[in-house]
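Asks: Before anything else, here's the structure in question.
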Amino acid sequence: MLNFVRSTVGKKYLMGLTGLIWAGFVLTHMAGNMLILVDPSAYNAYGHGIVSNKALLYGAEILLALALIIHVSCAVILTLQNRASRGRSYRIGPNGNKAPNVGSNWMLIQGSVILVFIILHLITFKYGTYYETTVNGVVMRDLSRLIVEVFHQPGYVVWYIVALVLLGFHLTQGVRSVFQSLGLLHPGYQNLIRVAGLSYALIVAGGFISQPIYVYLIQ
């Protein structure tokens, strides 16, 4: 088992599995956050419900943290191994059908920016200013107030949108990479997988991007 994990194939499997964990998380996180477009109290109640279930919250945070560490570590190691095996950097890439697409070339850079975004996102919202409100007689954190406060900063809104556009590109390429890493990329289904990956990325990135735009322009 340890030898498999150390192998190139094993690292690709780990990248695929951890990518699936985060793909599922960002979709559910985006869907839950859409409540900010509906009603501040509903959004606060949703957030309070999550943090109130300590066992579920801590378990999910540990799983996501481990998945992120493994995913990033495997990506860096595989990239370095790939460059070392070629003996030179990709200053001149192959042409024609063998040329890697833009998403493949920039996956590591995209991932690095997204990692910075995740860290700053946690600092801004999870550990940001604590406001209180009362919903249905229950005292809870007023996350909607913090979101409105942050999303009325033009610089943060621009940064947020740029990061989410990159996340969209990353997810588009990542869906195909997951199937490839797990050995499920059948030639007959490549177009379907490509469309599914693009659709999924548009839903996730578009959903997230709609939130700061709505708050900045309307709330």
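Asks: Could you check region 169-178 and list, in sequence order, the residues that are closer than 13 Å to MET15 by Cβ and either touching a residue at least 60 places away in the same chain (Cβ under 8 Å) or in a loop (DSSP other than H, G, I, E, B) (or both)?
Replies: Step one: filter region 169-178 for residues closer than 13 Å to MET15 by Cβ, giving 170, 173-178.
Those that are closer than 13 Å to MET15 by Cβ and either touching a residue at least 60 places away in the same chain (Cβ under 8 Å) or in a loop (DSSP other than H, G, I, E, B) (or both): HIS170, GLN173, GLY174, VAL175, SER177, VAL178.
Asks: Now for a different question. Can you tell me which residues in region 1-57 are among the polar types (S, T, N, Q) and modelled with pLDDT of 90 or more? Steps first, answer last, please.
Replies: Within region 1-57, the first condition is being among the polar types (S, T, N, Q), and the residues that meet it are 3, 7-8, 18, 28, 33, 41, 44, 52-53.
Residues satisfying the conditions are THR18, THR28, ASN33, SER41, ASN44, SER52, ASN53.
Asks: Hey, could you check region 101-152 for residues that are of a type in the set (Phe, Trp, Tyr) and closer than 30 Å to GLN173 by Cα and say which is nearest to the chain's Cα centre (by Cα)? If you could, list the steps in order and put the result at the bottom.
Replies: Residues of region 101-152 of a type in the set (Phe, Trp, Tyr): 106, 117, 125, 127, 130-131, 151.
Those still in the list that are closer than 30 Å to GLN173 by Cα too: 106, 117, 125, 151.
Numbers: TRP106: 15, PHE117: 9, PHE125: 16, PHE151: 19 Å.
Ranking the qualifying residues of region 101-152, first place goes to PHE117.
Asks: Related question: Within region 4-57, restricting attention to residues that are touching a helix residue (DSSP H, G or I) at 6+ places or on another chain (Cβ under 6 Å) and small (Gly, Ala, Ser), which residue is nearest to GLY207 (Cα to Cα)?
Replies: Within region 4-57, the match that is nearest to GLY207 (Cα to Cα) is GLY32.
Asks: Checking LEU115 against (1) modelled with pLDDT of 95 or more; (2) more than 16 Å from SER52 (Cα to Cα), which test does it fail?
Replies: Checking LEU115 against (1) modelled with pLDDT of 95 or more; (2) more than 16 Å from SER52 (Cα to Cα), the one that fails is (1).
Asks: Can you name the residue in region 22-33 that is aliphatic (A, V, I, L, M) and surrounded by fewer than 16 Cβ atoms within 10 Å (Cβ to Cβ) and, of all such residues, is nearest to VAL139 (Cα to Cα)? Don't jump to the end; show me each part of the working.
Replies: Keep residues of region 22-33 that are aliphatic (A, V, I, L, M), which gives 23, 26-27, 30-31.
Adding the requirement that they be surrounded by fewer than 16 Cβ atoms within 10 Å (Cβ to Cβ) leaves 27, 31.
Numbers: LEU27: 28, ALA31: 24 Å.
Once the filter is applied, the top-ranked residue is ALA31.
Asks: Give me the residue from region 173-203 that is among the small types (Gly, Ala, Ser) and in contact with a helix residue (DSSP H, G or I) (Cβ under 8 Å, 6 or more places away or on another chain) and, out of that set, surrounded by the fewest Cβ atoms within 10 Å (Cβ to Cβ).
Replies: Residues of region 173-203 that are among the small types (Gly, Ala, Ser), as a first pass: 174, 177, 181, 183, 188, 196-197, 199, 201.
Next, from what is left, pick out any that are in contact with a helix residue (DSSP H, G or I) (Cβ under 8 Å, 6 or more places away or on another chain): 174, 177, 181, 196-197, 201.
Details: GLY174: 26, SER177: 20, SER181: 21, ALA196: 15, GLY197: 21, ALA201: 22.
Within region 173-203, the match that is surrounded by the fewest Cβ atoms within 10 Å (Cβ to Cβ) is ALA196.
Asks: Also, quick follow-up: Pairs only if they're at least six apart or on different chains, beta carbon under 7 angstrom, first in region 128-141 and in contact (Cβ under 8 Å) with a residue 12 or more places away in the chain, second surrounded by 15 or more Cβ atoms within 10 Å (Cβ to Cβ) and acidic (Asp, Glu); list them, first residue then second.
Replies: Filtered contacts from region 128-141: TYR131/ASP142; THR133/ASP142.
Asks: A further question follows. Name the single residue, out of those in region 7-19 being surrounded by fewer than 17 Cβ atoms within 10 Å (Cβ to Cβ) and hydrophobic (A, V, I, L, M, F, W, C), that is farthest from the chain's Cα centre (by Cα).
Replies: Restricting to residues being surrounded by fewer than 17 Cβ atoms within 10 Å (Cβ to Cβ) and hydrophobic (A, V, I, L, M, F, W, C), the top hit is VAL9.
The values are calculated or read from the model by the stated rules, or taken from the named source; none is laboratory data. What you are looking at is a predicted structure, and each value in this text was computed from that prediction instead of being measured. Counting neighbours? That spans all protein chains shown, and the Cβs are built from the backbone with ideal geometry, glycine included.
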